1. Only strands (runs of 3 or more DSSP E) wholly contained in region 85-158 count here; list those with 2 or more residues that are over 29 Å from P73 (Cα atoms) and within 12 Å of the ligand (Cβ to nearest atom).
2. Answer yes or no as to whether S78 is of a type in the set (S, T, Y), under 30 Å from K269 (Cβ atoms) and in a helix (DSSP H, G or I).
3. Given the criterion surrounded by 10 or more Cβ atoms within 10 Å (Cβ to Cβ) and either over 24 Å from D312 (Cβ atoms) or within 16 Å of the ligand (Cβ to nearest atom) (or both), identify the matching residue among A52, A8, A70.
4. Identify, from the list A113, A107, the residue that is in contact (Cβ under 8 Å) with a residue 12 or more places away in the chain and touching a strand residue (DSSP E or B) at 6+ places or on another chain (Cβ under 9 Å).
5. How about region 54-84: which of its residues are free of Cβ contacts under 8 Å to residues at least 60 places away in the same chain and within 30 Å of A234 (Cα to Cα)?
6. Being of a type in the set (A, V, I, L, M) and either more than 18 Å from N249 (Cβ to Cβ) or away from the ligand (no atom under 16 Å from the Cβ) (or both) is the requirement here; does A293 meet it?
7. State whether one or more residues within region 251-258 are within 18 Å of P288 (Cα to Cα) and buried (at least 24 other Cβ atoms within 10 Å of the Cβ).
Amino acid sequence: VFKNVEMAPPIQVFQLTKMYNECSNENKVNLGVGAYRTDEGKPWVLPVVREAESQMAADLTLNHEYLPVAGMPDFRTSATKILLGTNHAAISENRTESFQALGGTGALRLAAAFLGNVLGFKVVYVSNPTWGNHKGIFKSAGFSIKEYRYWDNANRSLDFSGMMEDLSNAPENAVVILHGVAHNPTGVDPTPDQWKTICQTCIDKKLFVLIDCAYQGFASGDLDQDAFASRYFADQRMDMFVAQSFSKNFGLYNERTGNLVVVTKDASKLPEIRSQMEIQIRVIWSNPPNHGARIVATVLNNKAYYEQWKGDILTMANRIKKMRQELYDALRDMSTPGNWSHITKQIGMFSYTGLSEEQVELMKTKYNIYLLSSGRISMCGITSKNVAYVAKAIDAAVRA
Ligand code: PLP
């Protein structure tokens, strides 16, 4: 039965981690995986998460019953509030609904199921480049995938006019995935004014907006500032989805904690939307897991924990910014050919270095520094100890 099953291509980012783990060079560096690391290169459980977990462990009223199909109510409402802001009109006018999902990936997959199965949408536009999984998620839900221009390689910045041209030419009822903050992989976001133009084009052209918000807090360290795009679109009273992930800003990578937020023009169709969304959930994961959602709900509903969490986010965002500066300074000090100012200008977890595939290969084989072939590096993999080594390898690769 299985004799014709062919080997699928490896998932690059996990392949890199495998190569890194198997490498015996003590200077090796993993710049592939998008997960926060301390300055010692270690995974970090946020202190506020540890506290919430201790509180949960001591609470003998908690149990392991199934959660509702739509997920934990406290989690869903508090997650929506940090996205849109507690006083947002969409919340006070009851024009939102949300559905707990298996991480940001699950929220996107659920969105795709609803948009395809219930609304009959068939085409999705993603940025070129985008997070590798967007295409796969929507392809597996039966969508055909189109790209809009995003990255201007010559200037290492946003190709805004190309993006607008492509969105303007998209057919009605196409779904458009926009990265809400800290674009992955480029680390380049539209300015507030550009966001306004993008939003107006989506409205004028009747495009369905799905914002992928996987990094709230990671770009600026400020939850409100990083929610600008999501809130601006929601302000326009349009029908839209936002896929939220708590993998990064809570460090809950393996707990699969996400939320699909629905914002509507008017509340009257929410009961139907809810019922159809629950049918989609029922056949994919039936009901979501508890632990991560309980942590998020516990933190967001406790003033002291919430403040502590904001401090933890700042710790992560500031360390990343510091590493951007140190990497830039090291390249400048070596007069590495090229302009590297994009390293400090780009935001969030990643930097799109502009290194070519050959240069990436040289860094891998000669220096045991593992990064995606696109030249994307996770800034989290850089530490005070290895930054000089990484800079030296980039310098050598560029001069080779
Ligand atoms: N969207 C983007 C742009 C991402 O970079 C990621 C994770 O890397 C996700 C969604 C998915 O996050 P999660 O791990 O919560 O599924």
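The values are calculated or read from the model by the stated rules, or taken from the named source; none is laboratory data. Worth saying up front: this structure is predicted, and the values here are computed from it rather than measured. We place every Cβ from the backbone using ideal geometry, glycine too, and count neighbours over all the protein chains shown.
1. So the answer is 123-128.
2. When the stated conditions are applied, S78 passes them.
3. Sole residue among the options that is surrounded by 10 or more Cβ atoms within 10 Å (Cβ to Cβ) and either over 24 Å from D312 (Cβ atoms) or within 16 Å of the ligand (Cβ to nearest atom) (or both): A70.
4. Step by step, each of A113, A107 is checked, and only A107 is in contact (Cβ under 8 Å) with a residue 12 or more places away in the chain and touching a strand residue (DSSP E or B) at 6+ places or on another chain (Cβ under 9 Å).
5. P73, T77
6. no
7. yes
Each row is one residue, and each column tells you yes or no for (1) surrounded by 16 or more Cβ atoms within 10 Å (Cβ to Cβ); (2) at pLDDT below 95; (3) under 20 Å from N27 (Cβ atoms).
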residue	(1), (2), (3)
K303	no, no, no
Q308	yes, no, no
G311	no, no, no
L314	no, no, no
I369	yes, no, yes
S374	yes, yes, no
Y389	yes, no, yes
A397	yes, no, yes
